[in-house]
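All remarks here apply to the structure that follows.
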Amino acid sequence: SPFIVEAFIIKEVLSWLKSLAFDNDIVESDSVIIILTLSHPSSDFSELGVLLHNCLLMKNQFQHLSFCWTCQC
């Protein structure tokens, strides 16, 4: 699904940012569902939920990291 692809991309971006030692970042996405889920986590054991949970775990490795929705206009 497109949501799984977007979550995987965000996970890879976080890994890349951490490998470059960036510690204050904003990760943007045009998927409002993904950004809302990352901003208000809940227990979800689906494939998408597990990917997003991994993203949230990775977020804890940054001094400051935020997720932001951007309109694809």
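Since every read-out is calculated from the coordinates, none of them should be taken as a lab result. Computed from a predicted model, the values in this text were never measured in an experiment. Neighbour counts are summed over all protein chains in view; Cβ atoms, including those assigned to glycine, are modelled from backbone coordinates with ideal geometry.
Odds and ends about this structure:
- Axial C-alpha extent at least 20 Å, average Kyte-Doolittle at least -0.5 - helices from the chain (DSSP): 2-19
- Hydrodynamic radius (Kirkwood) for the chain, which is based on Cα pairs only, to one decimal in Å: 12.3
- Scoring 40-48, 12-20 by mean Cβ neighbours within 10 Å over their residues and listing the highest first yields 12-20, 40-48.
- Model label points for residue 23 and residue 60, set 7 angstrom from Cα along the Cα-to-Cβ axis, are 1.8 nm apart.
- Long-range amide H partners of residue 25 with built H, under 5 Å: 64, 65, 66
- The charge dipole of the chain, taken about its Cα centre with unit charges on the Cβ atoms of Lys, Arg (+1), Asp and Glu (-1) only, comes to about 160 debye.
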